[in-house]
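Asker: One structure follows; several queries about it will come next.
The values are calculated or read from the model by the stated rules, or taken from the named source; none is laboratory data. Keep in mind it's a predicted model, so treat the numbers as computed, not measured. Cβ: placed from backbone, ideal geometry, glycine included. Neighbour counts: every protein chain shown. To get the accessible areas, we keep the full protein, side chains included, count just its heavy atoms, and leave off ligands, DNA and RNA. Shrake-Rupley method; radii C 1.70, N 1.55, O 1.52, S 1.80 Å.
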Amino acid sequence: MSLALQIVVTGLAAGGVYGVVAIAYTLIFRLTGVVHFALGELIALAVFVTLVVAAGTGPVTQTSVGGGRFALALVVGLGACVLAGTATYALAIKPYLDRGSTIGWVAVTVAIAFAIRAILGAAFDRPSYVFPDPFPFRDVGRGGVVTLAGASIQVRAFFVLALAVVLAIVATWVLERTKTGRGLQAIASDAEGAHVVGIPVDRLVAAAFGAVGGLAAIAAIAAAPSAPFDVDTGTLLGVKGLVAAVIVRFATPWRAFAAGLALGLVEAAIASADISGFRLGPEYRDVLPIAVALIVVALQGRRREPELE
Amino acid sequence: MTEAVGRTGRAFAAAARDARAAWRLPATLAAILVLAALLLPLVVTDPLQLQDLSGGLYLALAATGLAFALGLGGMPSLCQGAFMAVGAFTAALLRARTGAGPIESALGGLALTTLAGIGLGAGFVRLGRVQFAVATWLFAWMVALGLAAFPSISGGANGIAIPDSGFGVTWHYELALVLVCLACLAFFAVARGAPGLALSALRQRPAAALALGVRATRLRLGAFVVSAALGGLSGSLSVQLQGIADPTGYGPFLSFKLLVAVVLGGMSTALGAVTGLAALSGLTELSHWIGSLERLSAARFDPMLFAILVLVVLGLGGAGIVPWLRRLFPWMGGRAGRALAATSPTRRRGATLTAEGIRRRFGGLVALDGLELEARPGAIVALIGPNGSGKTTALRILSGTLTPDAGRLELDATPLDGTGIADRVRLGVVRTLQRTAVFEELTALENVLAGAHRRYGSAARTVLATPKARAEDRAQRAAALATLEQVGLEEAAQAPAGTLSASEQRRLMLASALATNPRVLLLDEISAGGTAEDVRKLGAILAGLREDGLSIVLVEHNLRLVRDVASTIIVLDQGRPIATGTAGEVAALPQVQAAYLGRHRL
């Protein structure tokens, strides 16, 4: 029981972040038909820029940063991420979309992913980094860990999960209740029609490209103090979010979020699972969900109608 | 016996004659280059240098494999490095754990990768390009994360040490060189042969290619499996050259590097992958050397260099180094424009296609209801009616693109249930599309050959260029030229289809459809966009086909053409047939006049 609760809470907290990343993939895909292969790296960029502004490049402890400086760092970090996302779209994706060259934008987004990784890897070359924690979670319970029904749970996990849900709600609210959001929905259903009725398609899509990256980065930054991280953390987050988005076929933001939550749960379960004698373990954690996603994708292919005229 | 020997001898003599005729300066240069490369170990005696070269050649083998998927198949594969990993670790484990010999291990790696390619390809090749890229990307990550998570397979941080095979670096070098040459030659043969033509058609106009009966799934699967197999072979051999299988060397970055090499060199040319990889290695070395002047470890900036290269090559809209060189030095292309003579036109034979009670709805809209139709040999049935009356829906159902909700379809009294587009084309039912859809980058002759693909032998026969395959190839070309003559385009045979006029393109579509050797021809507004003269020409062609005994179903807006050629006219209105008969009978009916002139009288 206690273990189950622990799995559920930590799994949902990780899954919340995956879910927000999956929302980002889904929105971008529905707007443009593009899968943003560099999304994970853009998130890593936001996390590292925030870290540098908040605490410099030296070793940090979790307690060494004040609130004001952290807020500034957050703004700069997210700004960098949004800017990089917008620039990626305008300079590297749009030209190939216009030309109808899928291989073009696939190659370019993957190239940007590896380029950002290279830059971050060169600038932050210690094996792993600790992210400063602006909130006093460590004062709750025993150093930030509470015991609930016999399960030890990081207080931060609740915060991350709640924040993820809030981000998902905000994304949906913006899409459905604001003029910008309705414009984006119009573009998603018919870009040419949206252009004809006077929606500034290019500008909105470019802005959305940056904004969803920022959205995902907020969730990642909130979760960052929970564990040491490095350049690969962002990339891996990108892969996990993509797995979640693919499983629900980039359907709707909420389904993508739910798939992310489910993925987090499943990973936590796999990692510590001894399901009625069938033992898995942490080594299966990353591989199994991807395998399942691949099978789902392959089955989608079987049901596809022949290409339209 | 002696006769068989004589036949073989004649076949070889003919092959030699053809080879001599097709031999041009580029072939001589290539032969000299390969010979020089084979003799290189006599000059380069430093085993380390030779090992680097061999490693590069093995990578070139994997890159050429990727070109099969990327350039021929049009599939953006992001997992070529993962296939190398599968080959490498299978071979490494076989060598280190079971004591299998080097050759057996390599073959084991090849076999497992081929199986993986078949398994993944069966699911992936039907996907759209975007989903395909995502799926292969996730597979690359799965392999990388799996290797990191299971030290029992990957050997953990130390990797797997492989016992020395005793073959030596020179042996690896020569083997790698021979394999790369063979892979390039195979690419060349496939790209030029029937499978390449069909895949090219499929890349340019998927719907039109499918309508001509191109077996898209099978061809793409073939390209993908070849790419997987070459990747696996490369991995399983290069790992034995290195002597150690290092799990960190096979991440998604390797897949990306191979993709960059192929894009850089030119993905749709046989030498593109090799050239691209050579250029990439050269540029990387150069950047490392410049870095070393500034005491920087430049290797970590390789990804940035690659990113810049991708942006520059793709950003300039360039097809890569090899196509660029070919434009710069046209004589390098060396396309053997062999003189062709048209054979006498193919004898045509019709079949009776009957449709009874065909119904199809889209959501709440009834697109077609109660269509009855009989297309007989030597007759033209015309379907006419206002826009949205269900004419094109009818053709799509007859051709197998759409399945009807109700009704029966029979070809010569055999039900057509459950047959797809490609099956029906093989049975002799072929359709031309409503939109003008020629394969613009192919010549007119190649457009026709794209329709004729189905009579070719297997891809393996094409690669080996067996006497039978070459004879068939010649016969096909001659027949294609005859088909072009039939639609009056023989002068334009070698012109790229994109340069033809709109009405010539429509006739070229007709020729491509005729090349499938149809028994029932379904034509969707074949006269669209033509002048009166064009329509008159077309009428003569259709009348000729009717005399030959073909069965033709014609969807047309040009009522003059319909009146001139149609034996029976069916008038559709809002999905329902409202009249059937000859031109005179139909025109007199009040309901037909109402449908055409509108129901609302003033």
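Asker: Can you list residue pairs whose Cβ atoms sit under 7 Å apart, with the first residue in the stretch A:107-127 being within 23 Å of B:V312 (Cα to Cα) and aromatic (F, W, Y) and the second being open to solvent by less than 30 Å² (accessible area, probe 1.4 Å) and in a helix (DSSP H, G or I)? Count only pairs 6 or more apart in sequence or on different chains.
Answerer: Taking only residues 6 or more apart or on different chains, the pairs are A:F114/B:F256; A:F114/B:P303; A:F114/B:F306; A:F114/B:A307.
Asker: Starting from the stretch B:140-151, take each residue that is more than 8 Å from B:G251 (Cα to Cα) and at the interface with another protein chain (Cβ under 7 Å from one of its Cβ atoms) and list its partners that are part of a helix (DSSP H, G or I) and β-branched (V, I, T), counting only C-beta distances under 7 angstrom and pairs at least six apart or across chains.
Answerer: B:M142/A:V287; B:M142/A:I290; B:L145/A:V287; B:G146/A:V287; B:A149/A:V287
Asker: Quickly run through the stretch A:228-246 and pick out the residues that are of a type in the set (V, I, T) and assigned to a strand (DSSP E or B).
Answerer: Taking the stretch A:228-246 first, the residues of a type in the set (V, I, T) are A:231, A:233, A:235, A:239, A:243, A:246.
Scanning the stretch A:228-246 gives no hits.
Asker: State yes or no: is B:L572 in the same structural domain as B:T392 (by TED's automatic domain parsing), touching a residue at least 40 places away in the same chain (Cβ under 8 Å), closer than 22 Å to B:A528 by Cβ and open to solvent by 20 Å² or more (accessible area, probe 1.4 Å)? Even if it seems obvious, please write down each step before you answer.
Answerer: Details: in the same structural domain as B:T392 (by TED's automatic domain parsing): yes; touching a residue at least 40 places away in the same chain (Cβ under 8 Å): yes; closer than 22 Å to B:A528 by Cβ: yes; open to solvent by 20 Å² or more (accessible area, probe 1.4 Å): no.
Against the criterion (in the same structural domain as B:T392 (by TED's automatic domain parsing), touching a residue at least 40 places away in the same chain (Cβ under 8 Å), closer than 22 Å to B:A528 by Cβ and open to solvent by 20 Å² or more (accessible area, probe 1.4 Å)), B:L572 does not qualify.
Asker: Of all the helices (runs of 4 or more DSSP H) wholly in the stretch B:420-516, which have at least 3 residues that are open to solvent by 10 Å² or more (accessible area, probe 1.4 Å) and among the acidic types (D, E)?
Answerer: Working: elements: B:421-427, B:444-452, B:459-464, B:467-486, B:502-515.
Of the helices (runs of 4 or more DSSP H) lying wholly inside the stretch B:420-516, those with at least 3 residues that are open to solvent by 10 Å² or more (accessible area, probe 1.4 Å) and among the acidic types (D, E) span B:467-486.
Asker: Looking at the stretch B:15-48 only, could you name the residues that are more than 24 Å from B:C184 (Cα to Cα) and assigned to a helix (DSSP H, G or I)?
Answerer: Across the stretch B:15-48, the qualifying residues are B:L42, B:P47, B:L48.
Asker: Further question on the same structure: I need the full set of residues from the stretch B:348-364 which are out of contact with any Pro (no Cβ under 6 Å at 6 or more places or on another chain) and in contact (Cβ under 8 Å) with a residue 60 or more places away in the chain, in order please.
Answerer: Within the stretch B:348-364, B:R348, B:R349, B:A351, B:T352, B:L353 meet the criteria.
Asker: Which count do you get for residues in the stretch B:224-239 that are open to solvent by 10 Å² or more (accessible area, probe 1.4 Å) and either β-branched (V, I, T) or under 13 Å from the mean Cα position of the chain (by Cα) (or both)?
Answerer: Going through the stretch B:224-239 one residue at a time, the tally reaches 2.
Asker: Please list, ordered by residue number, the helices (runs of 4 or more DSSP H) wholly in the stretch B:77-156 having 2 or more residues that are at pLDDT 95 or above and not aliphatic (A, V, I, L, M). Let's see the steps before the verdict.
Answerer: On the way: elements: B:80-93, B:102-124, B:129-149, B:151-154.
In the stretch B:77-156, the matching helices (runs of 4 or more DSSP H) lie at B:80-93, B:102-124, B:129-149.
Asker: Next question. Name the single residue that is surrounded by the most Cβ atoms within 10 Å (Cβ to Cβ) among those in the stretch B:294-326 being at pLDDT below 85 and on the phi > 0 side of the Ramachandran plot.
Answerer: Top of the filtered list is B:G317.
Asker: Mind listing whichever residues of the stretch A:107-132 are within 29 Å of B:V134 (Cα to Cα), more than 7 Å from chain B (Cβ to nearest Cβ) and under 19 Å from the mean Cα position of the chain (by Cα)?
Answerer: Listed by number, the residues that qualify are A:T109, A:A113, A:I116, A:L120.
Conditions tested, residue by residue: (1) within 14 Å of another protein chain (Cβ to nearest Cβ); (2) open to solvent by less than 30 Å² (accessible area, probe 1.4 Å); (3) under 14 Å from B:L230 (Cβ atoms); (4) touching a His at 6+ places or on another chain (Cβ under 6 Å).
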| position | (1), (2), (3), (4) |
| --- | --- |
| B:T98 | no, no, no, no |
| B:G101 | no, yes, no, no |
| B:R129 | yes, no, no, no |
| B:A135 | yes, yes, no, no |
| B:G159 | no, yes, no, no |
| B:D164 | no, no, no, no |
| B:A189 | no, yes, no, no |
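Asker: Please find, within the stretch A:155-192, the residue that is farthest from the chain's Cα centre (by Cα) out of those that are open to solvent by 80 Å² or more (accessible area, probe 1.4 Å) and under 20 Å from A:G214 (Cβ atoms).
Answerer: A:K179
Asker: Being closer than 30 Å to B:A133 by Cβ, at pLDDT 85 or above and within 11 Å of chain B (Cβ to nearest Cβ) narrows it down to one of A:G85, A:G104, so name that one.
Answerer: Numbers: A:G85 fails: within 11 Å of chain B (Cβ to nearest Cβ).
On inspection, the qualifying residue turns out to be A:G104.
Asker: Can I ask one more? Tell me the residue from B:A540, B:A492 that is of a type in the set (G, A, S) and in contact (Cβ under 8 Å) with a residue 40 or more places away in the chain, please. Working first, answer last.
Answerer: On the way: B:A540 fails: in contact (Cβ under 8 Å) with a residue 40 or more places away in the chain.
Matching residue, one of B:A540, B:A492: B:A492.
Asker: Can you tell me which residue among B:T392, B:T401, B:T432 is polar (S, T, N, Q), within 14 Å of chain A (Cβ to nearest Cβ), in contact (Cβ under 8 Å) with a residue 40 or more places away in the chain and touching a Pro at 6+ places or on another chain (Cβ under 8 Å)?
Answerer: The conditions single out B:T401.
Asker: Now a separate question. Within the stretch A:15-31, can one find any residue that is at pLDDT below 90, in a helix (DSSP H, G or I) and surrounded by fewer than 24 Cβ atoms within 10 Å (Cβ to Cβ)?
Answerer: Looking for residues that are at pLDDT below 90, in a helix (DSSP H, G or I) and surrounded by fewer than 24 Cβ atoms within 10 Å (Cβ to Cβ), one finds at least one in the stretch A:15-31, hence yes.
Asker: Now for a separate question. Out of all the residues in the stretch A:135-153, is one or more within 14 Å of chain B (Cβ to nearest Cβ) and surrounded by fewer than 19 Cβ atoms within 10 Å (Cβ to Cβ)? Full working, then the answer.
Answerer: The initial filter retains those residues of the stretch A:135-153 that are within 14 Å of chain B (Cβ to nearest Cβ), namely none.
The answer is no, given that none of the residues of the stretch A:135-153 is within 14 Å of chain B (Cβ to nearest Cβ) and surrounded by fewer than 19 Cβ atoms within 10 Å (Cβ to Cβ).
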